[in-house]
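There's a structure below that I have some questions on.
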Amino acid sequence: MPLETYRSPQVTGADAATRSALGGRPLHPDRNLGGYLTPPPTLLTTLDSIGAFTKSRHTPSAQERAPVSAIRIRVAGVRGVDSASRARVNAVAARIHDTFPHLRVDVTVGSSPAPQTVALAGGLTVRENWTAKGVALRILRAVDTKSAVLFALVLVVCGLFLTQAALASVRSRRTEIGTLRCTGWSAAEVLRLILGELAVVGLAAGALGVLFAYVLGALLGLSHSLAKAALVLPVALLLALAAGLLPAWRATRISPLDAVTPPVAPARRAVPVRSIAGLAQRDLLRARGRTLLGAAGLALAVAAFTVLLSVTFAFRGEVAGSLLGDAVVARARTADYLSVTLTLLLGAAGAVDVLVMSQRERATDLAVLRATGWTTRELARLTLYEGLGLALLGSLTGAAAGLATVLALGEGVLSGHLLPVAAAAVTAVLVSTDLVCAALTVPIRTLTRIAPLRVLTAD
């Protein structure tokens, strides 16, 4: 694309014959509208000034009905051809293309004259300064990286949820696994047993996912096919197997005699507990690995939610910057909110699942507390405090990670936006904590069904 929009084109002869035909002078445009060179525009004006030229005519013309031939847009915050500036320009170009798909959008940031040799009629060749565009609208053809990251985050949280469920299954089947080992099963066979069960779960979930993806694509009018939807099946299978590697490996580490013997925790230094909140803290610290696993899923969800809310509140739905040196454009879309909502629900469900498993393992302890005078209300407070501690651990960690992500977007991005970004982090913490507390109604209701006599007799 020649630069003749802003200056008169300069065309010179590319060989001796052409230079001789031009008399040693460059070729300039003339008044011939059908000539090779087009003169530059006579006038460049602003949109607000168009009416001064078109409305002054007595007879409306085609020029008045469509006076604009091209619009040049200057993007704020562009300081050169650095990655952040190019990301800002691409974001604006993508927004224009989404709003007006029929318009042609050219990105000229980073462009420079590039000499081109052109062959003309009569065996003449000339050299012109065309424009080499350094930035194209690849963002319109490529996958939205941010949305892909959010979708992958959903899978990660699902994997964490499945991992802690598999760990609970292995822990509850300790005697069964020990019996198999005592009757001759090898560690490899136990490993294949656990992974085989999880593979069945993954295949069943993948089959449902294929059906759901195909139906949802048809309802939303998306470009879909059964072959594309079938890609969900291997993803679900691999996710289930990856989530079961740690539980299956732990199952193989149990010796046959230890597996059939009731587990006894080693004695530790006694720490006095003087309140229900203190007892809840000790219960969370009793199984640190499981607590951290439950908090990790919630932290990932809160981190993504903090970033999304920051983009929405502080930057009006879109922010461009440089994250660890790479250009990034974050835009808040409906699909992103759906992904983060699903991740939050899975994270909250994982945190509550940790508390449910803890209640099952401490059934005898809870029965002793109930038999020694604790009321259902006090047991409910104990569960609530445990849930709050787990929720705050995950949500505060996630909010800090989300704020660090926003801070890493680059210099000057947070200028004047600190308060909305902080409000987004607080909102993410409150929403996630409320979700966990709302889901705690399930384990709290199970406390009312504790029968101390039956539990203690069985023990």
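How much accessible area does Tyr214 have with a 1.4 Å probe, in Å² rounded to the nearest 10?
Spelled out: Tyr214, probe radius 1.4 Å, area about 90 Å².
Going from most exposed to least, what order do Ile276, Ile71 have by accessible area with a 1.4 Å probe?
Ranked from most to least accessible, the order is Ile71, Ile276.
Got a sec? What order do Leu33, Leu384, Leu238 fall in by accessible area at 1.4 Å, biggest, i.e. largest, first? Don't skip to the end; give the middle numbers.
Details: Leu33 175, Leu384 60, Leu238 115 Å².
Order by accessible area, largest first: Leu33, Leu238, Leu384.
Using a cut-off of under 20 Å, list every residue of region 226-246 whose amide N is near the label point 7 Å from the Cα of Ala218 along the Cα-to-beta-carbon line.
Residues 226-233 fall inside that zone.
Let me ask another. Suppose R0 equals 35 Å. What FRET efficiency, 1/(1 + (r/R0)^6) with r the Cβ-Cβ distance, do Phe53 and Ala76 give to the nearest 0.05?
The formula returns an efficiency of 0.80 here.
In cubic angstrom, how much convex hull volume per residue do the alpha carbon atoms of region 145-207 span?
About 89 Å³ per residue, rounded to a whole number.
While we're on this one: Ranked highest first by the average count of other Cβ atoms within 10 Å around their residues, in what order do 350-356, 86-92 fall?
Top of the packing list down: 350-356, 86-92.
The values are calculated or read from the model by the stated rules, or taken from the named source; none is laboratory data. Because the structure is a prediction, the values reported are computed rather than measured. Cβ: placed from backbone, ideal geometry, glycine included. Neighbour counts: every protein chain shown. With ligands, DNA and RNA removed, areas are computed over all heavy atoms of the protein, side chains included. Shrake-Rupley method; radii C 1.70, N 1.55, O 1.52, S 1.80 Å.
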